[in-house]
């Protein structure tokens with residue numbers, strides 16, 4: 001019952017994701033952070049099998065850091081998106097990773113961007129997107145309320161609407177969500193929306 005969604009606003013991009021770690025009918029934890037801060041100006045929101053999710057995003061993160069260490073310059077967001085897509089495509093016919101990814105980043109001179117990368121290595125640059133069962137509701141809310149150039153306050157209000165819709169409409173709704181943003185000041189956690197304490 002995973003939910004990962006994101007959007008691009010005026011000078012920033014954000015990703016929100018549920019924080020439930022589930023297997024079959026069991027909830028193992030409700031504070032799993034599924035949005036990785038990839039580097040200073042990039043976020044990866046990932047849904048999929050828990051083992052694949054952790055292994056693949058750590059592999060991408062370490063290779064992005066290795067590139068920067070070897071060459072002295074970081075990859076921009078488009079380059080990271082293409083590298084990630086290439087690694088998924090290479091693994092597809094050998095040992096596929098069942099992960100779906102939203103990559104958000106901010107690049108000087110370009111601004112914020114959001115990329116959709118699914119488990120069969122499809123890559124698209126988008127303004128809004130979602131994965132998981134919650135995508136049925138969050139995409140519907142974004143189709144209605146999203147507009148280009150939203151302020152951060154308007155975007156957070158839309159994220160809250162999406163979360164409320166998921167919680168009220170999804171049969172087994174995840175209780176907690178994490179929201180992270182990336183802008184010219186870097187990638188960082190913005191807020192948690194919790195209905196169940198993780199203590």
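Data table
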| read-out | value |
| --- | --- |
| Top-ranked residue of the stretch 75-91 - restricted to ones that are within 13 Å of residue 124 (Cβ to Cβ) and either out of contact with any helix residue (DSSP H, G or I) (no Cβ under 6 Å at 6 or more places or on another chain) or in contact (Cβ under 8 Å) with a residue 60 or more places away in the chain (or both), ranked as surrounded by the most Cβ atoms within 10 Å (Cβ to Cβ) | 81 |
| Which numbered condition residue 49 fails, given (1) at pLDDT 90 or above; (2) farther than 21 Å from residue 7 by Cβ | (1) |
| Residue that is modelled with pLDDT under 95 and touching a strand residue (DSSP E or B) at 6+ places or on another chain (Cβ under 9 Å), where the choices are 166, 196 | 166 |
| Identity of the residue in the stretch 131-158, within 23 Å of residue 25 (Cα to Cα) and touching a helix residue (DSSP H, G or I) at 6+ places or on another chain (Cβ under 7 Å), that ends up modelled with the lowest pLDDT | 134 |
| Top-ranked residue of the stretch 1-44 - restricted to ones that are within 18 Å of residue 118 (Cα to Cα) and in a loop (DSSP other than H, G, I, E, B), ranked as farthest from the chain's Cα centre (by Cα) | 1 |
| Subset of the stretch 146-155 (residues that are assigned to a helix (DSSP H, G or I) and surrounded by fewer than 19 Cβ atoms within 10 Å (Cβ to Cβ)) | 152, 153, 154 |
| Candidates 161, 94 - the one that is surrounded by fewer than 20 Cβ atoms within 10 Å (Cβ to Cβ), touching a helix residue (DSSP H, G or I) at 6+ places or on another chain (Cβ under 6 Å), on the phi < 0 side of the Ramachandran plot and not in a strand (DSSP E or B) | 161 |
| Odd one out for residue 116, checked against (1) in contact (Cβ under 8 Å) with a residue 24 or more places away in the chain; (2) surrounded by 16 or more Cβ atoms within 10 Å (Cβ to Cβ); (3) more than 18 Å from residue 183 (Cβ to Cβ) | (1) |
| Members of the stretch 101-112 that are surrounded by fewer than 24 Cβ atoms within 10 Å (Cβ to Cβ) and either out of contact with any helix residue (DSSP H, G or I) (no Cβ under 7 Å at 6 or more places or on another chain) or closer than 18 Å to residue 159 by Cβ (or both) | 108, 109, 110, 111, 112 |
| Selection within the stretch 164-181 - in contact (Cβ under 8 Å) with a residue 60 or more places away in the chain and touching a helix residue (DSSP H, G or I) at 6+ places or on another chain (Cβ under 9 Å) | 166, 170, 173, 174, 175, 177, 179, 181 |
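The values are calculated or read from the model by the stated rules, or taken from the named source; none is laboratory data. Being a predicted model, the structure only gives us computed values, none of them experimental. Glycine also receives a Cβ, built like all others from the backbone with ideal geometry; neighbour counts cover every protein chain displayed.
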